[in-house]
Amino acid sequence: MTDTTATSKLIQGRTGNWEIVMGLEIHAQVASKAKLFSGAAVGFGAGPNEQVSLVDAGFPGMLPTLNGHCVEQAVKTGLGLKAQINRRSQFDRKNYFYPDLPTGYQISQLYFPIVGEGVVEVEAEDGSFFNVGIERLHLEQDAGKLIHDLSPTESFVDLNRAGTALMEIVSRPDIRSPEEAVAYVKKIRTILIYLGTCDGDMEKGNLRADVNVSVCREGQYEKFKATGDFSHLGTRCEIKNVNSFRFISQAINYEARRQIEILEDGGAIVQETRLYDPTAGETRSMRSKEEANDYRYFPDPDLLPLELEQAWIDEIKANLPELPDDKRRRLMSQYGLSQYDAVVLISEQAKADYFEAAAAGRDAKLVSNWVTNELSARLAADGKDFSESPLPPSQVAELVALIEEGVISSRIAKEVFDHVWAGEGSPRQVVEARGLVQVNDTGAIEKAVDEIIAANPDKAAAVAEKPQAIGWFVGQVMKATGGKANPASVNDILKARLGL
Ligand SMILES: Nc1ncnc2c1ncn2[C@@H]1O[C@H](COP(=O)(O)OP(=O)(O)OP(=O)(O)O)[C@@H](O)[C@H]1O
Ligand SMILES: [Mg+2]
Ligand SMILES: [Mg+2]
């Protein structure tokens with residue numbers, strides 16, 4: 001069985017072509033100082049069980065109090081996902097027993113989630129766009145953490161995370177390849193970071209995805225799309241808690257192959273929950289999939305239905321920050337950037353901000369190149385993001401100004417950048433201190449050109465037949481002038497002298 005290229009969505013099997021279908025459930029920890037139903041602090045790095053209130057620990061008689069800030073964050077996120085905000089929602093108890101869940105139930109929203117259908121526009125690697133439908137977003141509590149590897153005979157429970165607010169964002173089964181799944185999670189993450197509703201830190205587990213994967217025969221997905229009838233799709237398996245982009249892609253590839261092999265051998269897929277083991281590179285069965293009725297969901301009697309006023313929703317909407325897609329369009333129209341450049345810039349809010357601060361009044365394309373190439377690479381090498389850049393935007397602007405004014409060539413600018421990065425001063429100071437000013441003096445360039453032509457009569461004669469050989473002369477002149485000659489003048493003078 002071989003994969004087709006990334007852009008093709010077909011997988012070749014022994015008995016014909018298959019398609020992958022995926023829907024993702026993303027769990028995003030709400031950016032909030034306190035938990036969803038208690039005043040206990042939310043934070044990373046506290047000692048075990050230091051951030052636990054009696055409510056989180058499930059003490060008898062303790063009552064949950066809804067944290068209004070978390071509700072606002074969910075509404076904000078819903079608006080950012082262009083989704084329906086439900087003015088009436090309700091909290092339900094999802095009952096199951098596990099030692100990391102002291103109450104014996106998780107408070108979630110099954111029947112009436114706070115956010116309904118929406119849509120997310122995602123850019124694929126090839127620059128095209130695809131839409132992923134959002135089915136719903138609901139608020140729920142996180143569970144605690146079990147620690148099994150501290151002692152050979154004991155297990156420990158840390159309830160710091162118990163009761164922390166999560167947003168579960170459920171997509172429609174609109175995702176068709178591992179690459180699309182990764183691009184989708186990246187896009188959701190970017191939107192959440194722009195909104196300030198989740199910090200998107202996947203290493204800390206603050207954003208993780210459950211990936212539902214099924215396969216079907218070529219053409220069946222089209223039927224599903226046309227009719228909305230899920231029976232055209234295969235049975236799904238859910239891979240739980242995948243917390244890196246690389247693992248998402250690996251887990252899907254493995255799982256799709258596994259399912260295709262079973263089906264081609266005449267077997268059937270059992271709907272189940274699976275776990276991805278990155279070390280073994282495979283998914284393993286965890287448990288057979290529970291149905292909603294296994295959880296005995298019922299409305300939480302301790303919590304009233306949540307009713308939102310339209311005016312409050314409208315106010316949140318009016319105060320939303322500029323979202324990635326809007327920023328992309330604006331960067332393209334305001335600065336004349338290509339879609340590719342704009343997409344690269346908006347992928348990080350701080351990068352886009354940096355660009356805008358540097359681009360004012362300058363050649364935007366040049367600024368974008370410096371920001372997305374040279375500076376990005378330097379920051380990445382130091383493990384920094386744009387908000388931590390030791391080089392302020394004004395320095396990039398100054399460097400670009402020097403190029404625009406013809407004081408330095410683009411080539412010299414790279415050298416200047418290195419010195420500026422090394423802390424030698426501003427671009428102008430470096431250019432002056434190191435004497436890197438571009439030679440625009442045509443007399444000096446003409447002299448160098450004449451000398452090189454005189455020393456290489458054979459090559460000069462050959463250029464008449466092979467005009468591209470002029471490149472060699474350009475190189476020589478640049479060398480002779482220490483790279484400082486204005487490249488445009490060099491070209492003009494060479495052409496004139498060589499009779500081209
Ligand atoms: N045949 C299918 N193939 C792939 N994905 C599917 C298929 N059918 C449904 N899905 C996706 O599975 C996900 C189901 O998530 P949802 O939260 O609604 O239910 P669940 O997984 O049963 O519940 P839980 O939250 O308890 O895990 C959605 O993202 C949906 O798009
Ligand atoms: Mg779910
Ligand atoms: Mg699920």
Task: Hz values of 3J(HN,Hα) by residue in segment 221-230 - Karplus curve (6.51, -1.76, 1.60), Gly and Pro given as x - done: 5, 4, 5, 4, 4, 6, 10, x, 8, 5
Task: Inter-label distance, nm, simple model (7 Å from Cα along the C-beta direction), ASP294/THR273 - done: 0.7 nm
TODO: Obtain the nm distance between the two label points defined at TYR340 and ARG411 by a simple spin-label model: each point lies 7 Å from its Cα along the Cα-to-C-beta direction.
DONE: 2.4 nm
Task: Vicinal HN-Hα couplings computed from phi for segment 234-239 (Karplus, 6.51 cos²θ - 1.76 cosθ + 1.60; Hz; Gly/Pro x) - done: x, 6, 9, 10, 10, 9
Task: Sites ASN440 and ALA357, calculated FRET efficiency, Cβ-Cβ separation with R0 35 Å, nearest 0.05 - done: 0.70
Open item on the list: Can you tell me the length gained on complete extension of the stretch GLU404 to SER128, counting 0.36 nm per residue apart and subtracting the Cα distance?
Closed with: 96.1 nm
Task: 5 angstrom amide H check on PHE298, placed H, neighbours 5+ away - done: ARG93
Task: Difference of contour (0.36 nm per residue) and Cα-Cα distance, ALA464 to LYS204 - done: 87.1 nm
TODO: Kindly write out, for segment 417-431 in residue order, the coupling ³J(HN,Hα) from the Karplus curve 6.51 cos²θ - 1.76 cosθ + 1.60 (θ = phi - 60°), rounded to whole Hz, with x marking Gly and Pro.
DONE: 4, 4, 5, 5, 4, 6, x, 7, x, 6, x, 5, 4, 5, 4
Open item on the list: Rounding to the nearest 10 and keeping the result within 0 to 90°, find how far the Cα-based axis of helix 470-480 lies from the longest principal axis of the chain.
Closed with: 80 degrees
- [ ] Report the residues of segment 131-159 in range of a label on ASP302: point 7 Å along Cα→C-beta, backbone N strictly under 13 Å from it.
- [x] 141
Open item on the list: Checking the table LYS223/LYS317; LYS204/LYS317; LYS94/LYS223 against a 31 Å threshold on Cα-Cα, which pairs fail?
Closed with: LYS223/LYS317; LYS94/LYS223
Open item on the list: For LEU150, LEU331, which order do you get if you count the other beta carbons within 10 Å of each Cβ and list the fewest first?
Closed with: LEU150, LEU331
Open item on the list: Multiplying the sequence separation of ALA280 and THR15 by 0.36 nm and subtracting their Cα-Cα distance, what value in nm do you get?
Closed with: 92.6 nm
- [ ] Enumerate the amide H contacts of MET286 below 5 Å, restricted to partners 5 or more residues apart or on another chain; note that Pro and chain-start residues carry no placed amide H.
- [x] THR273, ARG274, LEU275
TODO: For the chain, build the charge dipole from Cβ charges (+1 Lys, Arg; -1 Asp, Glu) around the Cα centre, then report which of VAL449, ALA280, GLN84 sits farthest towards its positive end.
DONE: VAL449
- [ ] Hey, can you grab everything whose amide H is under 5 Å from the amide H of ASN17? Only 5+ residues off in sequence or another chain; H modelled, so Pro and N-termini drop out.
- [x] GLU218
Task: Zone residues, segment 184-219, relative to ARG330, backbone N less than 18 Å from point 7 Å out along Cα-to-Cβ - done: 190-197
Open item on the list: Please arrange PHE130, PHE97 by how many other C-beta atoms lie within 10 Å of their C-beta, fewest to most.
Closed with: PHE97, PHE130
Task: Value at 222 nm in deg cm²/dmol, rounded to 500, when DSSP H runs of n ≥ 4 in the chain each add -39,500 (n - 2.57) - done: -11000 deg cm²/dmol
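The numbers here are math on the coordinates, done by the rules we state, and not lab data. Note that the structure is a prediction, hence the values are computed from the model and not measured. Cβ atoms come from the backbone with ideal geometry, glycine included; neighbour counts cover every protein chain shown.
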